Structures are given as C-alpha cells and as structure tokens.
Amino acid sequence: MNKYDPNRVIFFDTTLRDGEQSPGATMNLSEKIRIAQSLESLGVDIIEAGFAASSPGDFEAVATVAREVEKVRVCSLARTVISDIDRAAEALKEAKHSRIHVFVATSPLHMEHKLNKTPEQVLKMIETGVSHAAACTDDVEFSCEDASRSDLDFMVEACRIAVACGAKTLNIPDTVGYAQPEEYAARIAYLKERIDPKVIISVHVHNDLGLAVANTLAAFRAGARQAEVTLCGIGERAGNAALEELAMALTVRKNYYQLNHGIKTEQIYPAARILSRIIGQPLARNKPIVGANAFAHESGIHQAGVLKNPETYEIMTPASIGLPSNAIVMGKHSGRNAVKAKLESMGYALEPEQVDAVLSAVKSLADKKKDIFDEDLEALVFEEIYRIPDKYALVHLGVQSSDTGLPPTAVLVLDIDGKRVEHAGFGVGPVDAVFQAIAAVTGHKPGLEQYSVNAITGGTDALGEVTVRLTENGRSAVGRGSHPDVINASARAYLNALNRLAKMEK
Ligand code: KIV
Ligand code: ZN
C-alpha cells in the first residue's frame with residue numbers, strides 16, 4: 001500500500017485458509033496457486049495462504065504462494081505457540097511481503113472449555129506469542145478468537161497487550177457468526193477509542209445468521225479498515241463475508257460509505273468461476289453478484305424497464321463484475337492469438353504450450369459443436385491445464401444402453417500408470433455401468449456422495465460438466481470432467497476424483 005489513506009479499506013483474503021476449511025473445499029497445491037494468482041489479479045491486499053504449522057500441506061502452500069505472488073502480502077496463521085510462529089516465519093521466508101497472524105481465544109467459553117486456561121494465562125500467551133512473532137517479522141496481526149462473545153474490557157486489554165508487543169493490526173472476529181450489526185459496530189467503536197489510532201482494526205465475520213457482509217460494513221462505519229473475506233463467502237460452517245459482495249457494496253454505494261479499495265471488480269466473475277470449478281461447487285443461481293440470476297430479469301415489467309434503461313432494475317452492470325457476454329467466442333477457424341487474447345480477458349495467463357494445448361482442444365471440440373462459448377473454453381482450460389497428473393486416464397469408452405431388456409454395458413480402455421487395461425461391465429444405467437467398470441478395473445470401490453451434471457451452455461450440443469464426490473477410507477475428493485457426451489464426462493469426473501484420492505493416499 002502506498003500513501004496512507006484513512007478511507008482506504010484493506011481486503012485480506014482468507015479463501016486459502018478459512019475458505020479451505022469449508023466442507024468439501026479442499027484444494028491441492030496447484031489449485032491453491034491458481035487461486036492465489038486470481039486473488040492477485042483481483043487486487044486483494046493480503047492473502048492468508050494457510051496455517052503453516054497445521055500440516056505439511058499447509059506449510060508447502062504458504063511457502064509456494066509466498067514465492068509465487070509478487071505484489072500481494074502473504075500471511076500465515078499461527079497460534080500463540082512459539083513452534084507455530086517459527087513454522088509460519090519459515091514458510092514465509094521467501095515472500096516479498098509477509099505477515100504472521102497470531103490468534104488466541106478470549107471469550108470465557110473458549111478460554112475455560114477449549115483452552116483450559118485462566119484469563120491471566122491467556123494474556124501471558126498473547127504477550128509471549130505476539131512478541132515472538134514481532135521478532136520474526138515487522139507485520140504482525142493479532143486476533144482475539146470469539147471476540148464477539150468476549151468480555152469487552154478483557155478484549156481491549158488483550159488488544160492493548162498485543163499492540164505493546166508489536167501487533168500492527170488487531171482482528172476482532174465474530175467467530176461463530178453471532179453478532180448483530182449495531183452491536184458489532186459498537187464493539188469496534190469501543191476498541192477504536194481505546195487503542196493507538198495507527199493500529200488497523202480488522203474484522204472477520206462468519207455468516208451463520210447471514211449477516212457477515214452487513215456486520216463487516218457496519219464495522220467499517222465504526223472505524224475498522226481491514227476486512228477478512230473469502231471468494232464466494234466459502235469458509236467454516238456457513239462461511240465468511242463474501243469478497244465480491246463486500247467489494248460491490250463499497251463500489252455501488254460509494255456515495256454512502258465513502259471508502260476506497262483496491263479490488264478490480266471486473267475480475268470478480270472470472271475469479272468466482274475459477275474457484276467454483278476448483279472446489280467443484282456450482283455457484284447458486286440466486287447468489288448475489290455472481291449467480292446466474294443476478295442479472296436475469298424474468299418479469300415482463302422488469303424486462304421492459306431494463307430495455308428502456310438498465311438502471312431501472314440494475315444497480316450495477318454485468319461488465320462491472322466481468323460477466324462475459326454470451327457471445328460466440330471461438331470456432332473451427334479460431335487462431336492462436338484469438339484464443340490467447342480471449343483466455344487473457346477471462347483471467348487465464350497461460351504459458352505458450354498451454355495455449356497450444358487449449359487451441360488444439362478448441363479445434364477438436366469445434367468438430368463436434370459449432371459454437372464455442374466462454375464457458376466451453378473455460379471447461380477446456382480445466383480439462384487440459386489444471387488436471388492433476390493422472391494415475392488413471394481414460395483412453396476409450398463405449399457404452400450401450402437400450403430398452404430391450406439387456407443391461408446397460410460399458411466397455412472401457414484405461415491407462416493405469418502407463419499400462420493399458422481393458423474391461424467391460426454392466427450397471428443399472430449407463431453411468432452406473434461406467435462407474436462399476438472403472439471401480440472393477442482400478443480395484444477401488446469408493447462411495448459416491450455426489451453426482452451432478454450441468455450443461456455448460458444452452459443447446460443439446462452443450463458441453464456436459466459432471467462433478468462427483470467420492471469417499472474412500474475416510475478421505476473424500478471432488479472430481480470434474482467435461483465432454484459433449486455426458487457419459488464420457490461422467491467417466492472423466494470419476495477418474496479425476498480417483499486420481500485425487502490416489503494422490504492423497506501417497
Ligand atoms: O473465525 C475465526 O475466529 C478465525 C480466526 C482464526 C481468525 O478464523
Ligand atoms: Zn474464521
């Protein structure tokens with residue numbers, strides 16, 4: 001951040017830490033890097049890339065994101081424990097700009113039942129932890145976990161100690177999503193009056209009562225200047241404050257809040273789509289800002305109004321969030337430069353050989369499907385580029401299904417660790433036959449927890465996008481596949497999930 005602007009709010013993104021704690025949102029390292037890149041393009045100020053001490057995977061994620069991103073500050077979470085802080089510092093050592101985020105609970109409930117500590121002991125932990133973090137980096141944030149249920153004066157005392165020991169940002173989380181806007185704003189104002197004005201007050205609000213963004217905005221009005229957010233609001237339980245909702249509220253109602261921020265709003269839609277694909281969770285149609293209905297007008301009166309003047313029913317334009325027009329983008333004759341430029345406009349900066357791989361996939365899709373839309377192109381990027389190295393790969397698939405009384409049959413050829421294996425199997429329906437055949441040939445019999453098919457664009461020639469969630473030996477993985485033939489897309493999704501499970505096992 002350049003010149004100090006008292007009206008500039010800091011976007012601290014925790015998609016890769018709190019967001020990843022959301023059920024079903026586990027990401028592998030390359031997916032985390034992809035998310036970090038889109039967060040950087042979005043213009044967030046800080047990326048909380050993980051909790052380095054919590055697992056070797058989190059440590060690697062923090063260290064890799066710290067190396068990969070250029071402009072954004074990278075942060076690791078840590079308890080007030082010395083070894084946690086050392087792990088965070090170690091993971092962040094190659095970051096151009098880093099932050100250690102130290103937390104401990106300050107509510108009576110957490111101190112007594114979770115930590116088994118007296119308030120005095122907790123204050124001592126803050127002193128030890130924050131001082132140690134400040135010796136490792138010049139940017140320390142301190143969080144009073146469960147602050148909204150903490151005794152107000154005890155919370156202020158904890159914050160004062162943290163500042164005295166070197167914290168420059170104080171985070172006041174509504175850990176359980178319990179606070180109400182006016183009440184939360186009053187807590188922030190109370191702290192602000194009692195703390196060095198140079199210290200940034202941050203808020204981190206969970207959405208259990210659907211108030212995460214409202215509480216964050218109320219806290220800004222009371223003087224907070226940092227918000228901890230996640231893309232699409234993913235996070236523990238009902239999630240965190242959604243980055244896109246907060247950024248658009250501040251943008252659309254700049255006249256009301258009078259606050260500045262660095263989010264490039266036209267990158268919101270590409271970033272949300274990328275996240276949704278990576279975690280295999282479709283964006284709900286009625287999701288504010290990024291859902292399919294956010295700019296759709298159904299009633300005749302609304303449609304007529306929008307045709308006359310979009311402002312009658314639209315408080316922001318689709319272009320302001322980077323929503324692509326559904327214009328045809330590619331076809332059989334599209335050239336390399338056109339594909340590259342289109343990918344860049346969608347937020348994908350690919351290496352030359354990756355562009356070539358997407359181009360050849362575009363050409364082969366164009367043989368089957370006349371018009372190729374943005375969404376098709378995005379599906380191809382994920383099929384060609386972000387697919388993890390496969391242990392199991394589909395070579396051929398033939399499926400027969402009829403109503404003659406014969407059971408649906410799948411014949412498949414797989415490549416398993418470089419070896420070709422063939423198998424045929426039956427099932428209740430064609431998808432079941434394919435899954436049974438894959439299970440038999442790979443020797444896995446995971447539980448199928450979720451199976452969904454989505455036609456990426458309209459028309460019977462649309463690319464089918466299949467998402468599955470498989471569970472085996474207590475681990476679960478999301479798999480995705482896309483293909484104009486939904487049975488083939490189903491096989492790819494199933495194999496993709498098996499590949500992820502195999503990788504986790506390793
Ligand atoms: O919700 C919470 O309190 C947290 C802290 C660790 C900041 O995620
Ligand atoms: Zn949280």
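Residues that are open to solvent by 10 Å² or more (accessible area, probe 1.4 Å) and within 10 Å of Glu141 (Cα to Cα) within the range 161-198 comprise Val163, Gly166, Lys168, listed in sequence order.
Would you mention how many residues in the range 408-455 are assigned to a loop (DSSP other than H, G, I, E, B) and open to solvent by less than 60 Å² (accessible area, probe 1.4 Å)? Before you say what the answer is, go through the steps one by one.
If we filter the range 408-455 for residues that are assigned to a loop (DSSP other than H, G, I, E, B), which is where we start, we get 408, 417-418, 427-429, 443-446.
Narrowing the set further to residues that are open to solvent by less than 60 Å² (accessible area, probe 1.4 Å) leaves 408, 427, 429, 444, 446.
Of the residues in the range 408-455, 5 are assigned to a loop (DSSP other than H, G, I, E, B) and open to solvent by less than 60 Å² (accessible area, probe 1.4 Å).
Restricting attention to the range 10-35, report how many residues are crowded, with 24+ Cβ neighbours inside 10 Å and either among the hydrophobic types (A, V, I, L, M, F, W, C) or away from ligand 2 (no atom under 14 Å from the Cβ) (or both). Of the residues in the range 10-35, 4 are crowded, with 24+ Cβ neighbours inside 10 Å and either among the hydrophobic types (A, V, I, L, M, F, W, C) or away from ligand 2 (no atom under 14 Å from the Cβ) (or both). Figure legend. Inter-residue proximity from the range 201-227: first residues in contact (Cβ under 8 Å) with a residue 12 or more places away in the chain and in the same structural domain as Asn171 (by TED's automatic domain parsing), second residues acidic (Asp, Glu) and part of a helix (DSSP H, G or I), beta-carbon distance below 6 Å, spacing 6+ or different chains. Indicated pairs: Val213/Glu245. Does the range 115-136 contain at least one residue that is buried (at least 22 other Cβ atoms within 10 Å of the Cβ) and out of contact with any helix residue (DSSP H, G or I) (no Cβ under 8 Å at 6 or more places or on another chain)? So far as the range 115-136 goes, no, none of its residues is buried (at least 22 other Cβ atoms within 10 Å of the Cβ) and out of contact with any helix residue (DSSP H, G or I) (no Cβ under 8 Å at 6 or more places or on another chain).
Of all residues in the range 1-37, those satisfying the criterion of being more than 16 Å from ligand 1 (Cβ to nearest atom) and either within 10 Å of the chain's Cα centre (by Cα) or assigned to a helix (DSSP H, G or I) (or both) are Thr26, Met27, Leu29, Ser30, Glu31, Lys32, Ile33, Arg34, Ile35, Ala36, Gln37.
The residues of the range 362-387 that are in contact with an Asp or Glu (Cβ under 9 Å, 6 or more places away or on another chain), closer than 15 Å to Asp485 by Cβ and of a type outside the set (Gly, Ala, Ser), listed by number, are Leu365, Lys368, Lys369. Considering only the range 265-281, I want to know if a residue exists there that is among the small types (Gly, Ala, Ser) and within 16 Å of ligand 2 (Cβ to nearest atom). No - not one qualifying residue is present in the range 265-281. Lys370 - would you say it is in contact (Cβ under 8 Å) with a residue 40 or more places away in the chain, open to solvent by 80 Å² or more (accessible area, probe 1.4 Å) and farther than 30 Å from Lys287 by Cα? Answer is yes for this residue.
The values are calculated or read from the model by the stated rules, or taken from the named source; none is laboratory data. Here the structure is a predicted model, which means the values were calculated and not measured. Cβ atoms come from the backbone with ideal geometry, glycine included; neighbour counts cover every protein chain shown. To get the accessible areas, we keep the full protein, side chains included, count just its heavy atoms, and leave off ligands, DNA and RNA. Shrake-Rupley method; radii C 1.70, N 1.55, O 1.52, S 1.80 Å.
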